[in-house]
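Below: the structure, in structure tokens.
The values are calculated or read from the model by the stated rules, or taken from the named source; none is laboratory data. Computed from a predicted model, the values in this text were never measured in an experiment. Note that each Cβ is placed from the backbone with ideal geometry, even for glycine, and that neighbours are counted across all protein chains shown.
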Amino acid sequence: MIAPSILSSDFSRLGEEIEAVSVDGDTRADWIHVDVMDGHFVPNLTIGLPVVRSLLQVARVPLDCHLMIEDPDRWAPGYAESGAHNVTVHAEAARDPVMLAKNLHAAGAHAGLSVKPNTPLDDYLDVLPHYDTLLIMSVEPGFGGQEFIPEVLDKVRRARRLVDTGHLRLLVEIDGGINNDTIEQAAEAGVDCFVAGSAVYGAEDPGRAIAHLRQQARRHGCRG
């Protein structure tokens, strides 16, 4: 699965940028990744629920909302209620991640849990059975265009083993620095869904970039 991040798109024409990766065929995105930042949990400030609601009116591809915000227990269910397909919260910010997952499900969305590069996966193994997606950050959250941190692939491999042995049932997603060079490493480690920003929206033809990334992921062992 390829999930282009609109953080790297032209914010003055978001609807058109989403449509550019929504054409049927191998050039079509599986999800649209929406980075929500509040300027507190991370230093940057992007978009919030009102803009997401507007995007939901025009998007023909499911929205994957990644909430890099404080107090997701309070704010995240609103994204699910509005129609986001997958709502991901940060393990480091959630007060009660199990109850939050239940609330997201009750509101009609899949629930995702994200961990920063330095956050140990083992600290959340008892929480992950309640989630549908594990988003492993391969850069520090908050800004696009950062360099991929290869050390996080150990967490990917650990998660992949737990899924393959039936201890977990979730989709393994990665976000940060994914491009034509790094997607092969991530695919070999066992990633299912790849968030790509500038590798898609920085390309002359975003749809063709998606098709190429997907081809590389499939060739190097991706199960998606």
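Descriptive notes on the structure:
- One residue from Val61, Val34 being at pLDDT 95 or above, touching a Cys at 6+ places or on another chain (Cβ under 6 Å) and closer than 21 Å to Val200 by Cα: Val34
- Options Arg161, Arg208, Arg157, Arg218: the member that is of a type outside the set (A, V, I, L, M), closer than 15 Å to Pro4 by Cβ and assigned to a helix (DSSP H, G or I): Arg208
- Number of positions in segment 93-115 that are surrounded by 18 or more Cβ atoms within 10 Å (Cβ to Cβ) and assigned to a loop (DSSP other than H, G, I, E, B): 4
- Unique match (being in contact with a Ser or Thr (Cβ under 9 Å, 6 or more places away or on another chain) and over 20 Å from Trp31 (Cβ atoms)) among Pro150, Pro120, Pro129: Pro150
- Only listed residue being in contact (Cβ under 8 Å) with a residue 24 or more places away in the chain and farther than 23 Å from Gly39 by Cα, chosen from Leu113, Leu121: Leu121
- Restricting Asp192, Asp132, Asp126, Asp175 to residues that are more than 17 Å from the chain's Cα centre (by Cα) and of a type outside the set (S, T, N, Q) narrows the list to Asp126.
- Only one of the listed residues (His105, His90, His33) is within 29 Å of His212 (Cβ to Cβ) and either of a type outside the set (Ser, Thr, Tyr) or free of Cβ contacts under 8 Å to residues at least 24 places away in the same chain (or both). That residue is His33.
- Residue in segment 169-177 that is without any contact (Cβ under 8 Å) to a residue 60 or more places away in the chain, in a helix (DSSP H, G or I) and not aromatic (Phe, Trp, Tyr) present: no
- In segment 180-201, of all residues being in a loop (DSSP other than H, G, I, E, B) and at pLDDT 95 or above, the one that is surrounded by the fewest Cβ atoms within 10 Å (Cβ to Cβ) corresponds to Gly190.
- Tally of residues being part of a helix (DSSP H, G or I) and of a type outside the set (Val, Ile, Thr) across segment 8-61: 16
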